Structure formats: structure tokens, C-alpha cells
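To start, the structure itself, in C-alpha cells.
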Amino acid sequence: MLDISAVRAICLDLDDTLWPVWPTIARAELALQGWLTPRAPGAAALVADSQVRAALRQRVMDAHPDLHHDLSHQRQELIRLALHQCGEDTAHAPEAFEVFFAERNRVDFYDDALPALAQLAARFPVLAVSNGNADLVRVGVSHLFAGSVSARDAGVAKPDGRIFAAAASRLGLAPEQVLHVGDDPALDVLGALAAGMQAVWVNRDGKLWAHEAQPHATVTHLGELCALLACTQGIKEFSGR
């Protein structure tokens with residue numbers, strides 16, 4: 001059961017918690033292909049093929065095992081590899097990645113996300129904790145967050161406890177004072193529990209919980225989370241360390 005009185009700050013996942021990520025990625029893939037086609041048609045054809053794209057990504061991961069957590073690096077190197085494989089100008093890679101990244105940050109929020117985020121941010125410091133590479137400024141919600149810790153920042157991805165420890169440190173709090181909220185049972189809930197945080201599972205699709213360890217609470221949308229936390233007065237403090 002959620003101990004609301006202990007919550008001093010909230011860590012919030014982004015992809016598939018505030019917005020559905022795969023429609024966003026699909027649009028970004030199309031934007032990338034459209035930009036590449038007149039400049040590097042061979043590479044455009046490669047990145048348009050999902051199986052080829054997966055194989056290229058695996059080659060990038062095999063070549064850089066220490067950077068599996070860095071999705072921006074993976075994407076730019078994938079583009080560079082596609083260009084190289086087709087004998088096309090690899091100097092296109094940074095600009096092509098920027099086209100992809102701009103579209104990747106044009107998200108469609110769940111209907112409950114922005115109202116709930118505003119309510120949460122008015123009561124608690126809210127820190128984004130994500131394995132993805134969404135940019136809060138580009139997305140347009142940086143004013144509602146105390147900051148962010150990404151897998152790229154931490155050097156590890158959820159559910160590794162070090163990213164949760166980095167988040168608690170950034171907030172200047174002990175893990176047990178932080179509530180982590182996210183959609184992924186393993187990455188978000190089990191990862192946060194193992195790190196000593198309380199955890200809320202955002203289960204929008206009515207899935208069954210399949211793990212022995214349990215979330216402290218389950219909600220079907222973020223409005224329910226706001227209702228859960230309304231009975232306590234959050235303390236909006238943030239040391240920024």
C-alpha cells in the first residue's frame with residue numbers, strides 16, 4: 001500500500017506514460033526517410049525496411065556495447081552505417097538525425113497527461129526518469145519538471161538501480177522519499193522497488209500483473225494518481241544537487 005505521507009518527490013517515466021511512443025517513432029521514421037530520399041536514396045531504402053533497420057541497429061550495438069543505453073547515439077550511428085553501406089555521404093548523418101529527433105519530440109499526449117502533470121508539479125518536485133531520449137524542452141513541458149535523468153545521463157538504463165539512485169540524488173532525497181511512476185512493470189515498477197522507492201504502475205490497458213513483488217498502487221490513468229496524492233500536502237523542495 002502506498003505510504004503517501006513519505007512521498008516528497010515524484011519520478012515520472014515519459015514514453016508510454018505521458019504519451020504513446022510508437023506512433024511518435026513511426027512518424028519520426030517517415031520524416032527521416034523523406035529527408036534522406038532525395039539526398040541518399042540508398043540509405044533511405046535501408047532505413048525504411050524494418051528488418052534491415054533492426055540488423056543495422058544490432059551492428060551498432062555490437063560495435064559499441066558500452067553505449068546500449070544511449071538511444072540517440074544508436075540512431076545517429078545507424079544512419080551513418082546505412083549511408084556508408086550504400087556508398088553515400090556519411091556527413092548527412094547529423095542533419096538526418098536532427099530531422100528524426102525533431103519529429104520524435106512531437107508527441108501526442110494522453111488526454112489525462114498534461115492536466116495531471118500540472119497538478120503533480122504544483123505539489124511536488126517532478127523529475128523525469130526515462131530510458132528514452134525525449135527532450136523536455138522540445139516536447140514543451142520542461143517548465144513542469146524539476147529536471148530529468150535519462151539513461152544517457154546516468155550511463156545505465158532502467159531497471160538498473162543506478163539510474164534510480166541518480167534520480168534520488170538529483171532530488172536531494174533518500175530513495176524511500178521518492179515515488180516512481182511508470183507504465184513498464186519490469187523497467188519502472190520492479191526497478192524502482194529494488195532501488196528502495198515506492199512505485200505506482202500506470203496500467204492503461206488493463207494488463208494482469210505477473211510478478212511476485214507488487215507495486216504500491218496501480219492506476220489506469222494519471223488522474224487517478226492525482227486523486228491518490230490529494231490527501232497529502234506535497235512539499236515542493238528541490239536541492240538540485
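The values are calculated or read from the model by the stated rules, or taken from the named source; none is laboratory data. What you see is a predicted model; the values in this text were computed from it and never measured. Cβ coordinates were reconstructed from backbone atoms using ideal geometry, including for glycine residues, and neighbour counts include every protein chain displayed.
Considering only region 62-110, how many residues are surrounded by 14 or more Cβ atoms within 10 Å (Cβ to Cβ), at pLDDT below 95, touching an Asp or Glu at 6+ places or on another chain (Cβ under 9 Å) and assigned to a helix (DSSP H, G or I)?
Final tally of qualifying residues: 1.
Would you confirm whether any residue within region 166-178 is in contact with a helix residue (DSSP H, G or I) (Cβ under 8 Å, 6 or more places away or on another chain), outside the structural domain of residue 83 (by TED's automatic domain parsing), within 30 Å of residue 35 (Cβ to Cβ) and among the small types (Gly, Ala, Ser)?
Within region 166-178, none of the residues are in contact with a helix residue (DSSP H, G or I) (Cβ under 8 Å, 6 or more places away or on another chain), outside the structural domain of residue 83 (by TED's automatic domain parsing), within 30 Å of residue 35 (Cβ to Cβ) and among the small types (Gly, Ala, Ser).
Does region 25-57 hold any residues that are among the polar types (S, T, N, Q), in a helix (DSSP H, G or I) and either crowded, with 18+ Cβ neighbours inside 10 Å or touching a helix residue (DSSP H, G or I) at 6+ places or on another chain (Cβ under 8 Å) (or both), and which are they? Give the derivation first.
Applying the first criterion (among the polar types (S, T, N, Q)) to region 25-57 yields 33, 37, 50-51.
In the following step, the residues that additionally are in a helix (DSSP H, G or I) were identified as 33, 50-51.
Passing the criteria: only 33.
Restricting to region 121-130, name every residue that is part of a strand (DSSP E or B) and over 22 Å from residue 103 (Cβ atoms).
126, 127, 129
If you scan region 186-220, which residues turn out to be over 15 Å from residue 129 (Cα atoms) and in contact with a His (Cβ under 9 Å, 6 or more places away or on another chain)?
If the condition is that a residue be over 15 Å from residue 129 (Cα atoms) and in contact with a His (Cβ under 9 Å, 6 or more places away or on another chain), then 204 is the only one that fits.
Does residue 161 satisfy the condition of being under 15 Å from the mean Cα position of the chain (by Cα) and not assigned by TED's automatic domain parsing to the domain that holds residue 72?
Values: under 15 Å from the mean Cα position of the chain (by Cα): no; not assigned by TED's automatic domain parsing to the domain that holds residue 72: yes.
Against the criterion (under 15 Å from the mean Cα position of the chain (by Cα) and not assigned by TED's automatic domain parsing to the domain that holds residue 72), residue 161 does not qualify.
Between a first residue in region 71-100 that is in contact (Cβ under 8 Å) with a residue 24 or more places away in the chain and a second residue that is in a helix (DSSP H, G or I) and acidic (Asp, Glu), which pairs have beta carbons less than 9 Å apart while being 6 or more apart in sequence or on different chains?
Qualifying pairs under 9 Å: 100/29.
So residue 129 fits all but one of (1) surrounded by fewer than 18 Cβ atoms within 10 Å (Cβ to Cβ); (2) closer than 23 Å to residue 22 by Cβ; what number is the exception?
Only one criterion is unmet by residue 129, namely (1).
Given the criteria farther than 18 Å from residue 69 by Cβ, assigned by TED's automatic domain parsing to the domain that holds residue 117 and surrounded by 23 or more Cβ atoms within 10 Å (Cβ to Cβ), does residue 198 qualify? First the steps, then the outcome.
Numbers: farther than 18 Å from residue 69 by Cβ: yes; assigned by TED's automatic domain parsing to the domain that holds residue 117: yes; surrounded by 23 or more Cβ atoms within 10 Å (Cβ to Cβ): yes.
Judged against the criteria, residue 198 is a match.
Checking residue 155 against (1) surrounded by fewer than 17 Cβ atoms within 10 Å (Cβ to Cβ); (2) more than 30 Å from residue 32 (Cβ to Cβ), which test does it fail?
Only one criterion in (1) surrounded by fewer than 17 Cβ atoms within 10 Å (Cβ to Cβ); (2) more than 30 Å from residue 32 (Cβ to Cβ) is unmet by residue 155, namely (2).
Looking only at region 97-112, count how many residues are out of contact with any helix residue (DSSP H, G or I) (no Cβ under 6 Å at 6 or more places or on another chain) and within 19 Å of residue 11 (Cβ to Cβ).
Filtering region 97-112 down to residues out of contact with any helix residue (DSSP H, G or I) (no Cβ under 6 Å at 6 or more places or on another chain) leaves 98, 101-102, 106, 108-111.
Now drop any that are not within 19 Å of residue 11 (Cβ to Cβ), which leaves 109-110.
Residues meeting the conditions: 2.
Restricting to region 201-228, and then to whatever is surrounded by fewer than 17 Cβ atoms within 10 Å (Cβ to Cβ) and of a type in the set (Gly, Ala, Ser), can you tell me which residue is farthest from residue 17 (Cα to Cα)?
For region 201-228, the residue satisfying everything is 213.
Check residue 176 against each of (1) farther than 26 Å from residue 75 by Cβ; (2) touching a Phe, Trp or Tyr at 6+ places or on another chain (Cβ under 8 Å); (3) surrounded by fewer than 21 Cβ atoms within 10 Å (Cβ to Cβ) and name the one condition it does not meet.
(2)
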